[in-house]
Amino acid sequence: MFDLRYHVASLAAVFIALAVGIVIGVAIAGGGNLEETTQGLRQADFDDLEQRLEDAQARVDGAEDEKQALEGVVTRVYPALMEGRLTGRTVALVFLGPVDGAVRSAVEKALSDADAETGNPVRVTVLRFPIDVDGINGLLEDVPAFANYVGDAQLGDLGGALGNEMARGGSTPLLDLLDTQLMEQRTGSLVEPVDGVVVARTWMPEPSSDPAEEGRRSQSEALITGFLTGLGESGLPVVGVETSGAKVTTIEDYRRIGGIASVDDVDFLPGQLAMALLLSTGDSGHYGTKETADAVVPPIDPLLSTPLVG
């Protein structure tokens with residue numbers, strides 16, 4: 001997240017570097033030594049520099065006050081905006097990689113605050129990466145109906161079919177077949193249909209000089225892209241999430257896929273509100289506090305507990 005204090009330090013460093021550059025430049029141009037030139041530099045230049053730093057600090061202090069005031073407002077209105085937002089709706093949570101405890105806690109809090117069915121994800125699925133393509137192909141080859149998914153060139157289609165099964169529930173023959181290859185863990189039933197899906201990509205490998213490792217990374221990326229595409233084509237509200245402090249942002253992965261919205265600060269109240277709004281409306285868009293966001297939160301429609309009387 002953007003740090004105002006870091007901005008002040010950066011700004012100060014720029015001004016100091018500018019002053020040093022002036023001193024050295026004057027010394028070189030005048031042919032004198034640095035000490036003599038420093039003494040001869042007009043005091044007004046330093047006074048001006050000091051004033052600029054004070055002005056910059058004042059602006060940042062004001063912005064920090066505004067930020068705290070905004071957080072206070074959000075804290076007060078958050079319960080009213082969330083109440084009943086997801087009443088009667090069920091939501092699945094999918095991790096593409098290991099479980100991120102901060103993401104899971106934030107999602108569970110948001111669903112509880114918005115009165116989602118059970119107050120928690122009705123199922124949590126954790127997929128294992130990188131994938132073992134040979135193991136996957138071995139299982140697919142034994143089922144004639146799935147033989148067309150065998151091979152690296154079919155990984156996108158395979159991922160799409162898996163994502164679609166994950167979203168819609170009911171009969172899930174591919175997920176059942178590949179359970180031992182793809183599932184790290186799972187709670188809840190895949191059979192039960194859901195009203196929305198929250199997905200978090202947590203597997204983010206570094207590029208490798210090892211051809212074998214790089215091959216597995218490329219294969220896994222193809223499956224992930226296909227899986228997200230399948231989720232996006234399911235017709236359900238799908239929201240990709242990450243925390244504000246994520247070391248590597250995954251928002252561009254979601255932006256490339258049609259049908260998937262995103263929230264980049266799900267660990268903050270505005271991010272939890274944005275996620276609930278997107279799940280309730282099925283709207284697209286990308287929200288949060290990072291440069292990839294379109295806005296902090298989506299447009300907020302009021303929930304009417306009683307009909308208006310004309």
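What follows is calculated from the coordinates using simple rules that are stated; it is not laboratory data. The structure presented is a predicted model; accordingly, all values stated were derived computationally and were not measured. Here Cβ is always computed from backbone atoms with ideal geometry, including for glycine, and neighbour counts include all displayed protein chains.
Structure data summary
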{"read-out": "Cα-derived Rg to Rh of region 67-215, Kirkwood definition", "value": "1.08"}
{"read-out": "Cut-off under 5 Å, modelled amide H: who pairs with Ile260 long-range", "value": "none"}
{"read-out": "Taking region 110-249 and dividing mean pair separation by its residue count, relative contact order in percent (alpha carbons under 8 Å, at least six apart)", "value": "33"}
{"read-out": "Region 171-188 - phi-based ³J(HN,Hα) in whole Hz, Karplus 6.51/-1.76/1.60, Gly and Pro as x", "value": "6, 10, x, 5, 4, 5, 5, 9, 3, 5, 8, 10, 8, 7, 6, 7, 10, x"}
{"read-out": "In Hz, Karplus ³J(HN,Hα) per residue of region 102-114 (6.51, -1.76, 1.60; θ = phi - 60°; x = Gly, Pro)", "value": "5, 5, 4, 4, 5, 5, 4, 4, 4, 5, 5, 5, 8"}
{"read-out": "Extreme residue, positive dipole direction of region 135-265, given options Pro207, Gly196, Ala153 (C-beta unit charges)", "value": "Gly196"}
{"read-out": "Long-range HN-HN contacts of Gly84 with modeled amide H, under 5 Å", "value": "Asp115"}
{"read-out": "Normalised contact order of region 143-204, rounded percent, pairs of Cα under 8 Å and 6 or more residues apart", "value": "28"}
{"read-out": "Rounded to whole Hz, the Karplus (6.51, -1.76, 1.60) HN-Hα couplings of region 221-234, x for glycine and proline", "value": "4, 5, 5, 5, 4, x, 4, 4, 4, x, 4, x, 8, 6"}
{"read-out": "Antiparallel %, DSSP beta bridges [both residues in region 59-204], to 5", "value": "30"}
{"read-out": "Cut-off under 5 Å, modelled amide H: who pairs with Glu184 long-range", "value": "Val126, Leu127, Arg128"}
{"read-out": "Summed side-chain charge close to Val133 - residues other than Val133 whose Cβ falls under 9 Å, Lys, Arg +1, Asp, Glu -1", "value": "-2"}
{"read-out": "Rg over Rh [alpha-carbon atoms, Kirkwood Rh] for region 159-210", "value": "1.05"}
